[in-house]
Amino acid sequence: MLLTLKRFGITTGSTAAAAAKASVIYLIKKQKPQSVTIPTPIGLRLEIFVDKYFEKDNEYCATVSKFSGDNPDVLDGIKISACSSKLDNGIVLEGGKGIGIVTKPGLKVEIGSKAISPIAREMILSAIKEVIEDGVKVRVEVPDGEKVSELTMNKDVGIINGISILGTTGIEYPVSDEDYLDHIKTEMCVIKTLGNSKLVLAPGNTSFEYAKKMYGDFVVKIGDRVGDSLKLAVEQGFTHIILVSLPGKITKVASGLLNTHSKYGDARIETLTHASVLAKLPIDKIEKIANSLTISEALTYLSEEEKRKVFEVIAKRVLERLRKISKNAKLGVIILSDEGKVLAKEGET
């Protein structure tokens with residue numbers, strides 16, 4: 001049997017954190033290390049190479065290239081720079097040229113602010129604090145960000161004039177590639193050897209962590225491969241299978257996309273609009289949902305009770321889709337908010 005090793009990548013958040021730490025080292029110690037080691041939100045430390053150092057207008061700068069591993073990514077190889085200067089006190093982190101501006105609600109960043117997610121911002125600050133605890137300003141910029149952003153979906157989610165600095169773990173997992181199914185199957189086999197008939201499937205990093213808190217070690221991260229993973233679970237002999245997901249992915253499944261990768265389509269807003277009609281929401285809320293760019297934006301217009309009603313409809317629709325794949329196994333669906341709150345449950349959970 002030929003074993004194929006897959007390469008992991010680093011997020012834009014990790015890339016920015018490495019550039020920031022390198023630039024601060026250059027500022028404070030006047031050193032130019034070939035690589036820096038940064039902390040990540042999952043406890044791992046990453047050694048990341050630095051492309052170059054330079055000085056600009058009394059700032060000390062470093063540039064790092066993003067590496068996407070075996071994930072197809074238009075941002076692979078893009079350069080992210082950080083420029084540091086001294087302050088009397090405090091640590092200030094700014095977003096500069098090539099980092100997009102948020103124009104819509106629901107993105108965890110205030111409208112009008114630079115598109116640096118809270119987790120990525122904290123990772124960058126943590127990397128800086130490993131060098132200095134006080135008295136520095138760091139500006140992160142992406143020289144080609146505005147140009148490259150035209151190749152991304154940023155405009156579709158309300159981010160303009162640049163890319164986003166993101167990353168919940170600091171690491172890019174090669175979850176959308178064909179060979180990832182072998183990895184999923186291996187994890188299922190390990191769980192099966194423990195004698196458990198129940199299996200929990202979670203598409204993303206956040207839903208995976210929430211699901212582990214709910215169900216322990218019987219959770220497999222499946223990426224985009226919802227339909228294929230359910231088939232594998234049935235083949236492995238699991239008789240009780242639960243899908244745990246955040247709103248974005250699960251709404252795609254409700255629309256019939258059992259591979260949720262963007263290249264296969266996206267009917268999330270249309271599906272959410274349909275669900276809001278069936279949930280008998282007021283017409284003004286339905287119109288706001290229909291005109292939203294993202295699920296996150298749409299949810300900002302709804303009360304907690306309205307979210308519950310809409311996602312009860314979505315959960316029922318998802319369960320119908322899953323039952324077409326497996327008619328015999330006990331199936332359940334749990335939809336969670338970004339904060340881990342249960343929005344809806346359906347089936348046997």
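The values are calculated or read from the model by the stated rules, or taken from the named source; none is laboratory data. The model shown is predicted, which means the values in this text are computed figures rather than measured ones. Positions of Cβ are backbone-derived with ideal geometry, glycine not excepted, and every protein chain shown enters the neighbour counts. The area values use the complete protein model at the heavy-atom level, side chains included, leaving out ligands, DNA and RNA. Shrake-Rupley method; radii C 1.70, N 1.55, O 1.52, S 1.80 Å.
Which Cys residues of the chain have no other Cys Cβ less than 4.7 Å away and so no disulfide-compatible partner by this rule?
Unpaired cysteines in the chain: CYS189.
Among the aspartates and glutamates, select those whose C-alpha is under 12 Å from the C-alpha of LYS114, and discard any that sit fewer than 8 residues away in the same chain.
Within the straight-line cut-off, LYS114 pairs with GLU94, GLU141.
So what is Rg over Rh here for the stretch 224-277, counting just Cα atoms and using Kirkwood for Rh?
Ratio of gyration radius to Kirkwood radius: 1.04.
Past the 19 Å Cα-Cα mark, which pairs from LYS79/LYS155; LYS263/LYS345; LYS285/LYS307; LYS231/LYS309?
From the list (LYS79/LYS155; LYS263/LYS345; LYS285/LYS307; LYS231/LYS309), the Cα-Cα distance tops 19 Å for LYS79/LYS155; LYS263/LYS345; LYS231/LYS309.
State which entries of LYS56/LYS104; LYS66/LYS198; LYS108/LYS147 exceed 27 angstrom in Cα-Cα distance in the structure shown.
As for pairs spanning more than 27 Å Cα to Cα, those are LYS56/LYS104; LYS66/LYS198.
Name the shape class, rounded, prolate or oblate, that the alpha-carbon gyration tensor gives for the stretch 1-137, where a ≥ b ≥ c are the square roots of its eigenvalues, rounded holds for a/c under 1.5, and otherwise prolate holds if a/b is larger than b/c and oblate otherwise.
oblate
Please give the peptides 77-85, 101-109, 47-55 ranked by average Cβ packing (other Cβ atoms within 10 Å per residue), highest first, as a rough proxy for protection.
Going from most to least packed, we get 77-85, 101-109, 47-55.
Determine the sum of side-chain charges near GLY96: Lys and Arg each +1, Asp and Glu each -1, restricted to other residues whose C-beta is under 12 angstrom from that of GLY96.
Net charge in that neighbourhood comes out at +1.
Determine the relative contact order of the chain: mean sequence separation of Cα pairs under 8 Å and six or more apart, normalised by residue count, in whole percent.
15 percent
Highest mean first, how do 111-117, 283-289 rank when packing is the count of other Cβ atoms within 10 Å averaged over residues?
111-117, 283-289
Please give the per residue accessible area of the stretch 61-177, computed with a probe of 1.4 Å over protein heavy atoms only, in Å².
The answer is 44 Å² per residue.
Excluding residues fewer than 8 places away in the same chain, name every one of the aspartates and glutamates whose C-alpha is closer than 15 Å to that of LYS185.
ASP177, ASP224, ASP228, GLU235
Which order do the peptides 189-197, 334-342 take when ranked by the mean count of other beta-carbon atoms within 10 Å per residue, highest first?
Highest to lowest by the protection proxy: 334-342, 189-197.
Taking every alpha carbon pair in the stretch 79-132, what does the distance histogram look like in 10 angstrom bins from 0, in percent?
20, 50, 27, 3
Report, to the nearest whole %, how much of the accessible area of the chain belongs to carbon and sulfur atoms, 1.4 Å probe, protein only.
51 percent
Given the Cα-Cα distance of LYS97 and LEU278 and 0.36 nm per residue of separation, how much length would full extension add, in nm?
Gain on stretching LYS97 to LEU278: 60.7 nm.
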